[in-house]
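Undergrad: First, the structure itself, so that you have it in front of you.
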Ligand code: ATP
Ligand code: LTN
């Protein structure tokens, strides 16, 4: 029996190379070794303001992009969160088993509330309970995510353990899967903050569907420093971030990279990153255009994913409901 992997991504705008390196690329590389369920978490997306029509488009765009990146429907189930009612339903039961104090410690809520003071809603606060529900419904073994989701995963594990102890065995305790490389890609404009797809700053992020010209322009403008050597030094945040991006895309070792740029300037580094990123994204972009224009295929894949997910989710939800005494 293969172990089960579950992960999700919000359809909030364009996907960045941070999302790709921290999450999607790992999902693709892992998929042959596991039983996989991937989810476009559109219900999480409405914790921040969304235009309804655009949200709907972005949800399908995201599904198509995941397929274009290499999620293979023969190996992985892909579905849309809002299509399975057990997600919010189990989240309610979990809510009643999460102490306020534990939820109040979540740093993502604090960050997002600070960035968006006009829309601090209850859903945004409760976001981790819905995420715990996503994971626990599927009796998940492993959750591949970026570094920023570690705390949410810890909350999911805690609530599962508490529930099993208080009501009887119901949930598998999930483990996070955070790869060392690419777990935290930083903004190109500001290498002290995480590259985020909802940032409005220009030249902050490279998006998977950016044209070669946009990619070149953004890397050219990327923050570096006034030193001359090109070496992996985490203290030199801008250059380090660029080197880490280059390391993953080029598949070269750190020694090879430092050798390649010995006595060279940032201009060459930026040109080489641009080349390798453009080259990697080109086939993804081509595949995306093909899949996005074939609505029938996309809906078929999503439907198939939903059916598989639904049967697992319903079983877990029914069990949880019975254990707490709900009819
Ligand atoms: P938003 O800015 O809308 O909050 P986001 O860019 O943080 O979105 P999510 O949909 O929340 O993206 O995350 C999807 C996946 O991508 C998660 O596993 C997350 O950990 C990972 N991820 C997001 N940003 C980065 C990053 N800069 N580096 C590495 N992984 C990331
Ligand atoms: N919170 C995650 C997205 C997400 C998720 C999940 C990831 C929602 N549900 C379940 C893994 C498993 C994020 O913002 N990156």
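Undergrad: Restricting the search to the range 188-203, which residues are crowded, with 19+ Cβ neighbours inside 10 Å and more than 25 Å from residue 154 (Cβ to Cβ)?
TA: Residues satisfying the conditions are 188, 191.
Undergrad: Looking for whichever is under 15 Å from the mean Cα position of the chain (by Cα) and more than 12 Å from ligand 2 (Cβ to nearest atom) here; the options are 55, 21. Which one fits?
TA: 21
Undergrad: Okay, next question. If you go through the range 173-184 one residue at a time, do you hit one that is away from ligand 1 (no atom under 16 Å from the Cβ), without any contact (Cβ under 8 Å) to a residue 40 or more places away in the chain and surrounded by fewer than 17 Cβ atoms within 10 Å (Cβ to Cβ)?
TA: The answer is yes, given that some residue of the range 173-184 is away from ligand 1 (no atom under 16 Å from the Cβ), without any contact (Cβ under 8 Å) to a residue 40 or more places away in the chain and surrounded by fewer than 17 Cβ atoms within 10 Å (Cβ to Cβ).
Undergrad: What number of residues within the range 13-26 satisfy the criterion of being surrounded by fewer than 22 Cβ atoms within 10 Å (Cβ to Cβ) and either in a strand (DSSP E or B) or near ligand 1 (Cβ under 7 Å from one of its atoms) (or both)?
TA: The number of residues fulfilling the criteria is 1.
Undergrad: Can you confirm whether the range 106-118 contains a residue that is in contact (Cβ under 8 Å) with a residue 40 or more places away in the chain, farther than 22 Å from residue 153 by Cβ and surrounded by fewer than 20 Cβ atoms within 10 Å (Cβ to Cβ)?
TA: yes
Undergrad: Going through the range 217-242 one residue at a time, which ones are buried (at least 21 other Cβ atoms within 10 Å of the Cβ) and assigned to a helix (DSSP H, G or I)?
TA: 218, 219, 239, 241, 242
To keep it simple, each residue is scored yes or no on (1) in contact with a helix residue (DSSP H, G or I) (Cβ under 7 Å, 6 or more places away or on another chain); (2) over 30 Å from residue 165 (Cα atoms); (3) within 11 Å of ligand 1 (Cβ to nearest atom).
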residue	(1), (2), (3)
8	yes, no, yes
54	no, yes, no
63	yes, yes, no
74	no, yes, no
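Undergrad: Right, residue 325: loosely packed, with under 12 Cβ neighbours inside 10 Å, in contact (Cβ under 8 Å) with a residue 12 or more places away in the chain and over 22 Å from the mean Cα position of the chain (by Cα) or not?
TA: Judged against the criteria, residue 325 is not a match.
Undergrad: Being part of a loop (DSSP other than H, G, I, E, B), touching a helix residue (DSSP H, G or I) at 6+ places or on another chain (Cβ under 8 Å) and either in contact (Cβ under 8 Å) with a residue 60 or more places away in the chain or within 13 Å of ligand 1 (Cβ to nearest atom) (or both) is true for just one of 98, 135. Which residue is that?
TA: Result: 98 is the single residue among 98, 135 that is part of a loop (DSSP other than H, G, I, E, B), touching a helix residue (DSSP H, G or I) at 6+ places or on another chain (Cβ under 8 Å) and either in contact (Cβ under 8 Å) with a residue 60 or more places away in the chain or within 13 Å of ligand 1 (Cβ to nearest atom) (or both).
Undergrad: If you check every pair at least six apart or on different chains, which have Cβ atoms under 6 Å apart with a residue in the range 138-164 that is at negative phi and free of Cβ contacts under 8 Å to residues at least 40 places away in the same chain first and a residue that is in a helix (DSSP H, G or I) and more than 16 Å from ligand 1 (Cβ to nearest atom) second?
TA: From residues that are at negative phi and free of Cβ contacts under 8 Å to residues at least 40 places away in the same chain, the pairs are 160/136.
Undergrad: Can you give me the number of residues within the range 27-52 that are closer than 17 Å to residue 10 by Cβ and within 15 Å of ligand 2 (Cβ to nearest atom)?
TA: Residues in the range 27-52 being closer than 17 Å to residue 10 by Cβ and within 15 Å of ligand 2 (Cβ to nearest atom): 14 in total.
Undergrad: Kindly provide the set of residues from the range 157-194 that are within 16 Å of ligand 2 (Cβ to nearest atom), assigned to a helix (DSSP H, G or I) and under 18 Å from residue 324 (Cα atoms), ordered by number.
TA: 158, 159, 160
Undergrad: State whether the residues of the range 88-97 include one that is buried (at least 19 other Cβ atoms within 10 Å of the Cβ), touching a strand residue (DSSP E or B) at 6+ places or on another chain (Cβ under 8 Å) and over 17 Å from residue 10 (Cα atoms).
TA: No, there is no match, as no residue in the range 88-97 is buried (at least 19 other Cβ atoms within 10 Å of the Cβ), touching a strand residue (DSSP E or B) at 6+ places or on another chain (Cβ under 8 Å) and over 17 Å from residue 10 (Cα atoms).
Undergrad: Let me ask something else. If I ask for residues that are surrounded by 17 or more Cβ atoms within 10 Å (Cβ to Cβ) and either within 13 Å of ligand 1 (Cβ to nearest atom) or within 19 Å of residue 315 (Cα to Cα) (or both), which ones from the range 143-155 would you list?
TA: Scanning the range 143-155 gives 143, 144, 145, 146, 148, 149, 152, 153.
Undergrad: Going residue by residue through the range 82-101, is there one that turns out to be over 25 Å from residue 319 (Cα atoms) and under 18 Å from the mean Cα position of the chain (by Cα)?
TA: Taking every residue of the range 82-101 in turn, none turns out to be over 25 Å from residue 319 (Cα atoms) and under 18 Å from the mean Cα position of the chain (by Cα).
Undergrad: If I ask for residues that are part of a helix (DSSP H, G or I) and over 22 Å from residue 320 (Cβ atoms), which ones from the range 69-95 would you list?
TA: Answer for the range 69-95, where residues must be part of a helix (DSSP H, G or I) and over 22 Å from residue 320 (Cβ atoms): just 69.
Quick note: the coordinates plus some simple rules give every number you see, no bench work behind them. A quick note: this is a predicted structure, and the numbers were derived from the prediction, not measured. Heads up, the Cβs are rebuilt from the backbone with ideal geometry, glycines too, and the neighbour counts pull from every protein chain shown.
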